[in-house]
Amino acid sequence: MPPLILLADDSPTVRALAKLELEHAGYEVVEAGDGEETLRLARIRPPDVILLDVEMPQLDGYETVKALKSDPLTTHIPVVFLTGRVGPDDVVRALQLGGHDYLRKPPEPAELLARVGAALRVKQLQDELVARGDELERMSRTDFLTGLNNRRHLEEALRRVGAGAKRHGYPVAVLIIDVDHFKQINDTFGHSTGDEVLIATARRLEASLRTEDVLGRWGGEEFLVILPHTAADAAGVLAERLRGVVAGTPVRTRAGEVTFTISIGGAAAEQEGQHDLLRIADVELYAAKDAGRNSVRIVVSQP
């Protein structure tokens, strides 16, 4: 798709001449005749560059750019001012308010295209930086081996879900899942096979959960599941299903088929109050292991 230029000027003549040059250069152009219309169009379909007249009815260009820069949806759009004022004070004010550049009216075609092209390059770099930042943020919350949420993300999710449960009075449960005899798997088949077992476990757990449940790798061979709107009985049913899904089918690895089991400890808070669900679930996990592994222990936490 061609870059979109929002051309805002109260002069139909100026708009017609500029639009002709821009469309001839391959840009898509939408027009606005005043500041209010500029804001409305920019929010409906954010353009790549805004050409903005300084002197317009209702909102002038200065007030319009203030509104654009205060709105998260439009704040990163480069604004090139169109103005007959070329004094230093006018230029400084335009740039201080967030303008990217300015053009004298009526704009010369070559200069118009050059300034728009420069603004587009700035926008493209900004978009790349935002995308890179989003990717880095995603990576900082993702376990590199399994692709699940990592401990940082899980800790934040626990605080968020816990606060919501306390505020609205709904039950919440957590499950800590541990791969049984994982050290023995590593010692027998090698660490690369151990990694394959963890990845296979992650995929099986992931496929058995609801969209609203939060699953992640808690560390080593442990996984954590956060279950909002889930009481102890429902958490127990789910935990048994997860245990069966893992224990029921061997994992095919490069070293051959590996059969293994998991143990699960869980805790549920069904009343308003403060609960240390993680600590309680961890205690129950050790109880499940002491009971012979390949088992589930869930308790209700009291405030």
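Details
- For the range 125-154, residues that are surrounded by 13 or more Cβ atoms within 10 Å (Cβ to Cβ), over 16 Å from the mean Cα position of the chain (by Cα) and either free of Cβ contacts under 8 Å to residues at least 60 places away in the same chain or under 29 Å from Leu4 (Cα atoms) (or both) total 1.
- The single condition from (1) of a type outside the set (Phe, Trp, Tyr); (2) outside any strand (DSSP E or B); (3) under 28 Å from the mean Cα position of the chain (by Cα) that Ile226 fails is (2).
- When Ser263 is tested against (1) surrounded by fewer than 22 Cβ atoms within 10 Å (Cβ to Cβ); (2) among the polar types (S, T, N, Q); (3) at pLDDT 95 or above, exactly one condition is not met: (1).
- Residues of the range 271-297 classified as surrounded by 15 or more Cβ atoms within 10 Å (Cβ to Cβ) and under 30 Å from the mean Cα position of the chain (by Cα), total: 5
- Residues that are surrounded by fewer than 17 Cβ atoms within 10 Å (Cβ to Cβ) and among the polar types (S, T, N, Q), drawn from the range 176-217: Gln184, Asn186, Thr188, Ser192, Ser208, Thr211
- Ala202 assigned by TED's automatic domain parsing to the domain that holds Val296, out of contact with any helix residue (DSSP H, G or I) (no Cβ under 9 Å at 6 or more places or on another chain) and modelled with pLDDT of 95 or more: yes
- Annotation: of all residues in the range 213-251 being without any contact (Cβ under 8 Å) to a residue 24 or more places away in the chain and in contact with a strand residue (DSSP E or B) (Cβ under 6 Å, 6 or more places away or on another chain), the one that is nearest to Leu277 (Cα to Cα) is Asp213.
The values are calculated or read from the model by the stated rules, or taken from the named source; none is laboratory data. Note that the coordinates shown come from a computational prediction; the quantities given were computed from them, not determined experimentally. Positions of Cβ are backbone-derived with ideal geometry, glycine not excepted, and every protein chain shown enters the neighbour counts.
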